[in-house]
Structures are given as C-alpha cells and as structure tokens.
Amino acid sequence: MSDKNAQETSINNPSEDRTTPEMTVASEIDLSSSKYYISRELSWLSFNERVLHEALDPRTPMLERLKFLAIFSNNLDEFFMVRVAGIKKQIEADVNRRTPDGRTPTEHLQAISQKLKPTFAKQQDCFLQIRTQLQEYGVHFLDYDNLNSKQVTYLQAYFEDQIFPVLTPLAVDPGHPFPYISNLSLNLAVVVREAESEEAHFARIKVPKVLPRFIQLPKSLQEEGTLWAAVPLEQVIGQNLTFLFPGMIIEDYHTFRITRNADLFVEEDDADDLMLALEQELRKRRLGGSLVRIELQADTSPEVRATLLTEMDLTEDDIYDVTGLIGLGDLMKLIGLPLPELKDPDWSAVIPPPWHRINRDETEGEGDDVFSIIRRRDRLVHHPYVSFAATVQQFITQAAADPDVLTIKMTLYRTSGDSPIINALISAAENGKQVVALVELKARFDEENNINWARTLEKAGVHVVYGLIGLKTHTKVALVVRKEHDGIRRYVHIGTGNYNPKTARIYTDLGLLSCSEELGADLTDLFNYLTGYSRQKAYRQLLIAPITLRDRMLALIQQEAAHGTNGRIVAKMNSLVDHTIIQALYSASQAGVSIDLIIRGTCCLTPGVEGVSNNIRVISIIGRFLEHSRIFYFKNDGNEQFYIGSADWMPRNLDRRVEAVTPILAPHLRRELMSFLDTCLADNRQAWEMQADSTYVQRQPKSAELEKSTHTSLMKQTKGLRTY
C-alpha cells in the first residue's frame, strides 16, 4: 500500500487498493502455513524497538527520551522473567512443539538473542548521546575516573560513612561456594590478589538497593551552572574496594546484573487456600527461579566472564554485553528534574461539562449527581483525556455515600496504593451496603499488592472473592444497584482499563457508563457466575470470555467476509496473537474485506501478502501515552457494530480469562468511537506501519502535510470540549 493510501485511510474511506475475491485463488493457499505467521516473541521485540525509537527520536523532549530508555529496559526485564524463562523451561522439559510461525523453543531462543543484541547495543549508544547532550542543561552523569581531588575526597568519606557499613563482600573458594545472586540485582565481580603469594581470588559484592543508584555531589563541589551531578553507586563502591579488602591488591572489578524466572506457578485445583498458596509462591519469587540472562560489562576479562558463566550455568548466548551503564531502568528517577522545557507539556485531564457541578459541590437541580447524568444518556469516557477521578472514580465514591445505593459490585485486577476506589468500597461497606469485590490475586507482578488489598477489604466487611479456578478475571466492570422512585435501577461501568487512578493518567482507556437494563442484567449474571455456581451460557448483550467471546468475534469477522468487497473491519487492541482469529482475518481479506488493525504491541499476522492479506493494514501507535483501549468495528452492510472491552485477540484472553466486551449502541457514542479510530488511522507522527516482511516503518508527514499525532490531536479536541 502506498504512503498516500496509508495516511488517508479511515473508517468511511478505507484504502481502495484491495484485492477482490476474483483476484485470489483461496483454495490454493494453505492459511495455516507457518510463513504467514510471525513469532510472538520476535514481534514483541519489534514493539520494544519502537519504544526505543522514542528515545532515539530527536523530536522527543530530552528527559522523555531518558524515560523511554528506562521503559525499554523495564520491558525487557519482564520479557526475560516471563517469556524467555518460559521458553527455557520448555527446552529443559524437552518440548519441541513448533509454534504457528514454525519455530521450536531452541530456535526461538537463538532468534531472540540474534535480534535483541544489536538493539541492546543501540540503547547504550543512545544513552551515551543523551548524557552528553544533557550537559548543556546542567545535568551531568559523572564517571569516578574523571573526578577532581576534592570530589574524590568527598565520595571516599561518603563511602566510609554511608555505603561501607551496608556492604557484604562474599569470597568464592573451596570453603565459600558461589553465592546466590538475587533477581535483577546489580553486583560487582571483584578479582583481588595476595600481595605476597600473588594468588588471585574472586569475590562478589551486591550493590544494595536500599541506597540511591546515583550519588549526587554537593553544590559546593559542582561546576557553576550545574543542576544535577552524580556518580553511579557501583563506581563509588568499585573505586573504594581497598576498604573492603585491606592488605589485598585490587586487580579488577566488573559490574553485572542477572535476571531470573519470576513467573508464578500455583496448582489451583490442589490449593485449599489460594491466597496462602500464592503467598508461598511469592516467597519463592523473592528468591527467584532459574537464571535466564546476565548483563555484563563488555570489557570484562575472559577469566571473570568464564567464572560467571560456569558458576551460574549460563552460556554465551545468555550474556548481554553493556558498554555503559547497566540497569537503565533507574533513569526513570530523573524525569522529576525541574527542567520543564525538556519534558512533554503538562496535561490536565478535562472534566466534561455535565460533571462540572458535582465535582465543584454545586448541587442545584437535575444533573447534579452522577446517576442523573448517566440516566439522561449513556456516557463514554476516554482517559487520560477525560478525567478518571471526576467520572469513573466519582461514580464509585458517590455510590458509596448515596443512601439509596443498595449494592456495589466490581472487579479489581490492578489498582494503586492508597486507592480512592478501595477507600470508597470500604466506606460503602461501613455504610451498610452490600459490597462485593472480585480481587484477581493472580495479576502478574501485582499479586502481593492485591493480597494486601483483599485482606484490607475483608476486614472492612466487603465480600471478597478471587474468581474461578483456572481463569484470571481480567474484565473491568462495576455494577451499582440503586433504589429509585420508580423501582430498582442498575448502573454499570464497563471499561478497557484497570480501576487505577495513577495509570489512568498515562494509559489510554475507554469506559462506558450506562443504566441499560440489559447490561445491568448481564453484569448481574456475570457476577453470579464469578461468585457462585452459576453456569450462565448466554448473555443479552455482553460478549463474555471464555463463554461467548471467541465464537462471536469469529462470527463477526465471517459476517464481513460474506459481504465481500463491501466488508469493513477496524480493530484496535494491544496484541493480536490468536491463530484462529488471524486465519479468519486472512480469509476475510481474500474475500475482499478492507481491514485496518491498530495493534500497539505484538502482532503475529503478516499484512500485505499477495493472495493472503492484501487488504489488511497494520499500524502501531507509540507515544507519550500507552495505547491500551480495545475497540472493534464491523460495517455489517451499513448496520454498523461497535464494541469495546478488556480483551485482546490472544488465546489467553479468549480462552483462559474472564473478559467482558460490550456493544456500543448509542448513535452519539458510535460517532465518538468512529472519530477516534479515524484519528488513529490518519496518524503520521506516532504511527508505525507494518510491512509484508514484518518490519515496521514510521510514517512521516510529507513536505506540505500537517503533522497528525493521535495523542496531540485528542488532547486538543478534548480541551475544546463544550458539549458532552
């Protein structure tokens, strides 16, 4: 597809450069062939490369570039702790089953290493460039070797007073086995030598996480015009090793960091108490599972390198050489520096007009409470453009205080510390309301946080349940039952994102607020399914995984295929992995259906393949906000269908999680969604277009063309909001 077509595509004006059914001989093409599918792992690495590009892009403000370097690192940590660890476990278990892209676990591991190592080096080069450019703004990452005598004297004293008492050098010899190295810990591999015998010894020192990663110099020791000047903690330790090894010759030291398997495994069927079982697994995670990666200074001596590999049972493929600073995730701390000119402009989420009075305590007449606002018509809230606190959070907190509210039920997958949502549920229980919270204990890396919230809620009298055995409850729904003058009315919130006020400021998510009788009845049935022994198999409007969602999505795709060249699909999500869904999309493309996919992260489908996916286009939008909303549009021969919900098109979402996807029926909300999707499809600043060879090319405005950034456009549109 040409750049012109790519940038003018919209829901109502899809690209006309598409294949008709007559141009395709579908019967001759095996749509299950591995050549039409992309590795999930390699596709994810491509996504993280796009994240890294935000750090490489000079159009990105300087401190935001540091932030993206940190995000890239943190993303990789989780990728190794979960995805790579899982592949290694398959290899250990002699699993040789090929994935849809045709690779065995061993082949996947090799491909990951080959693809990632050049990108890893690019990240380091990027950091070196940025640290040099930051000097112009008074921000200095200092190397200990380049300090003057007064600065060295200060850091030596600081080391003796603040650092030395915390350190524990661990010798490695026949009497001292190689120590356990904890997950994501920064360490020094030290070689010391006896002064008399010249015998060499190896020791390990853990860089304590209780100390700041960067040791700042006092203002009196900084050059004029300096805002921030600091030395990495590991260098301060490494240059003062004589305090730790008196009488020894310090031969050399090298910094390294290891990553372990951190995925949890709980036999839910055998667990008498899921919470206790998870707590036991969390204790194991703190110790860490098997090793999966080592980050090592590139100039590490061959002897130390060999020692580390041998002692930790790793191979050269597991080593990721670093030329600069190890553990760039710590750069996130610098985003707080007082340099607004080096950051994205501040953004304050908008409070839509109908919500103004209730958020300003101006209670006068109709429209002054959240329930009357929802009763007038369905509301769609789009965060972080529209305030989460003033809409969704207000919905829950007002329900907790309203004497006419009888029941509040909601799912909690991830929420923040000191959450107003949690406090509202506690308040509601104390006010005598029936409160049910389904807390998903198995939300990866939030398990401990959720266990703590579950206990807090239980103590307050909230009915806390943990979902269904074998399924994660990933759906984002809330149900409020209220007694009104004309009877009982149910109010619902169905969203694409978590009930988390903090992430609602940086994740783009949609939520539907409604008092639809059918949606209220559906959520009542869903909560009965989650909390009791209901075996509900059909819902009025909601598409529920793992019950109806997969079959319905396949039917909607096939429905468009039946319309041929008049068919149209636009789908926005985080990831597209499911083999069956992809095959259905290929078939629809062969039938002439125009398909646009807006996939932020992993996409295992290959667009633009002759005779297979000519009519499919894929873009990924990366920018200041994390694209998290899921939207599904089907033209349906003019009787358009819109859906939003919590599910990606992945096997885990369709088969192993409880998800809820709701239709959007109100015409004014359909217009909002259509406008939003058109904005995404027209993006020529943040959008990356996937090619037929699975690479991505970032769209660029043409010489006379205005820049169209999805996030910037939506911020401007929301700021100009006058009616809602």
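Among the trypsin sites (Lys or Arg not before Pro) in segment 208-244, those located in a DSSP loop and surrounded by at most 16 other Cβ atoms within 10 Å of their own Cβ are Lys209.
Tell me, what is the FRET efficiency for Gln162 and Thr242 to the nearest 0.05, using R0 = 25 angstrom and their Cβ-Cβ distance as r? Efficiency computed from Cβ-Cβ geometry: 0.90.
Taking R0 as 60 Å, what FRET efficiency do you get between Arg535 and Glu316 from their Cβ-Cβ distance, rounded to the nearest 0.05? Taking R0 as 60 Å, the efficiency between Arg535 and Glu316 is 0.65. Evaluated with a Cβ-only charge set (Lys, Arg +1; Asp, Glu -1), segment 83-142 carries a dipole of roughly 200 debye about its Cα centre, given to the nearest 20. In this simple spin-label model, placing a label point 7 Å from the Cα along the Cα-to-Cβ direction at both Ile469 and Glu517 gives a separation of 3.8 nm. Computed over protein heavy atoms with a 1.4 Å probe, the carbon and sulfur contribution to the accessible area of segment 569-724 reaches 50%.
In order along segment 616-621, the phi-based Karplus estimate (6.51 cos²θ - 1.76 cosθ + 1.60, θ = phi - 60°) of 3J(HN,Hα) comes to 10, 10, 10, 10, 10, 10 Hz; Gly and Pro are listed as x. In whole Å, how far is the Cα centre of segment 92-168 from that of segment 294-356? Value for the Cα centre distance between the two parts: 6 Å. Does the chain classify as rounded, prolate or oblate by the C-alpha gyration tensor (a ≥ b ≥ c root eigenvalues; a/c under 1.5 gives rounded; else a/b over b/c gives prolate, otherwise oblate)? Judged from the Cα gyration tensor, the chain comes out prolate (a/c at least 1.5, a/b above b/c). Against the chain, whose longest principal axis comes from its Cα atoms, helix 447-459 is set at around 60 degrees. Taking Cα centre as origin and charging only the Cβ of basic (Lys, Arg, +1) and acidic (Asp, Glu, -1) residues, the dipole magnitude of segment 141-238 rounds to 500 debye.
Under the combined filter of DSSP loop state and at most 14 neighbouring Cβ atoms within 10 Å, segment 628-724 retains these GluC sites (Glu not before Pro): Glu705, Glu707. Net charge dipole, segment 60-207: roughly 900 debye, given to the nearest 20, about the Cα centre with Cβ charges of +1 for Lys and Arg and -1 for Asp and Glu. Taking Cα atoms only, the orientation of helix 420-430 departs from the longest principal axis of the chain by about 60 degrees. With Rg and the Kirkwood Rh both taken from Cα atoms, where does Rg over Rh land for segment 398-527? Rg/Rh for segment 398-527 comes to 0.95. Compared with the alpha-carbon gap, the fully stretched path from Lys719 to Ala93 is longer by 219.8 nm at 0.36 nm per residue.
Between Thr132 and Gln558, the modelled label-to-label distance comes to 6.0 nm, taking each label 7 Å out from Cα in the direction of the beta carbon.
For segment 143-217, with all protein chains present and a 1.4 Å probe, just round the carbon and sulfur fraction of the accessible area to a whole percent. Show your work: numbers first, answer last.
Working: 2060 of 4070 Å².
Using a 1.4 Å probe with all protein chains present, segment 143-217 comes out at 51 percent carbon and sulfur.
Here the gap between Arg505 and His201, fully extended at 0.36 nm per residue and compared with their Cα-Cα distance, gives a gain of 104.3 nm. With the simple spin-label model, which puts each label point 7 Å out from Cα in the Cβ direction, the Asn146 to His356 separation comes to 5.4 nm. Sites listed here are trypsin sites (Lys or Arg not before Pro) in segment 51-122 whose DSSP assignment is loop and whose Cβ has at most 13 other Cβ atoms within 10 Å: Arg59, Arg97, Arg98. Rolling a 1.4 Å probe across the protein heavy atoms gives the chain an accessible surface of 42 Å² per residue.
The values are calculated or read from the model by the stated rules, or taken from the named source; none is laboratory data. Just so you know, these numbers come straight off a predicted model, no measurement behind them. Every residue, glycine among them, receives a Cβ derived from its backbone with ideal geometry; neighbour counts consider all protein chains shown. Note: accessible area is taken over every heavy atom of the protein model, side chains too, but ligands, DNA and RNA are not part of it. Shrake-Rupley method; radii C 1.70, N 1.55, O 1.52, S 1.80 Å.
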